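Below is one structure; the comments refer to it alone.
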Amino acid sequence: MVLLAGAKRVTRCGEAQTGRGEDERLKAKDRGNRPGRHRKEGKRIYVIFVYDVHVDRVARVLKTARRYLTWVQNSVLEGELTAAQFERLQDELKKIIDPEEDALLFYVLRSAGDVRRRKLGREKAETAFFL
């Protein structure tokens, strides 16, 4: 690519281009503003969800959590979520559980790479992400 006076560029084919177009798209891509990605979604977080709920609510809690996360083993799910998805998951689970009887734990990490996972024994389920 050859730069000309007046901020024009000449492509390999010899066509003159002015200003912003491609440069602005590349800069936006470098900032993470990719087409089709909503800014509201923001960064993704990695969530490990552990629950201990009454037997009457186990199936509903698991079904709800599996819409967002990957089942790892009994009462444990994990996966990447946006902050909005994480809030929705918590709101849905609050409607199911009895806070006097049930316990839900969320371990929130910046990314899947922040933790190392060590497994002893057999794997209960294949996971999409390995810690």
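Values quoted throughout were computed directly from the atomic coordinates according to the rules given, and no laboratory measurement underlies them. Source: prediction; values computed, not measured. Because the Cβ atoms are built from the backbone with ideal geometry, glycine has one as well, and the counts that use them run over all protein chains shown.
Contact list please: Cβ distance under 7 Å, first residue in the stretch 66-93 and part of a strand (DSSP E or B), second residue among the basic types (Lys, Arg), pairs at least six apart or on different chains.
Val72/Lys124; Gln73/Lys124; Leu77/Arg66; Glu80/Arg44; Leu81/Arg44; Thr82/Arg44
Of all residues being among the charged types (D, E, K, R) and closer than 18 Å to Lys124 by Cβ in the stretch 66-105, which is surrounded by the most Cβ atoms within 10 Å (Cβ to Cβ)? Just the residue, please.
Restricting to residues being among the charged types (D, E, K, R) and closer than 18 Å to Lys124 by Cβ, the top hit is Glu78.
Return the residues of the stretch 45-65 that are in contact (Cβ under 8 Å) with a residue 12 or more places away in the chain, outside any strand (DSSP E or B) and exposed (fewer than 15 other Cβ atoms within 10 Å of the Cβ); say none if nothing qualifies.
His54
Can we say Glu101 is under 13 Å from the mean Cα position of the chain (by Cα), at negative phi and outside any strand (DSSP E or B)?
No; evaluated as a whole, the condition is false for this residue.
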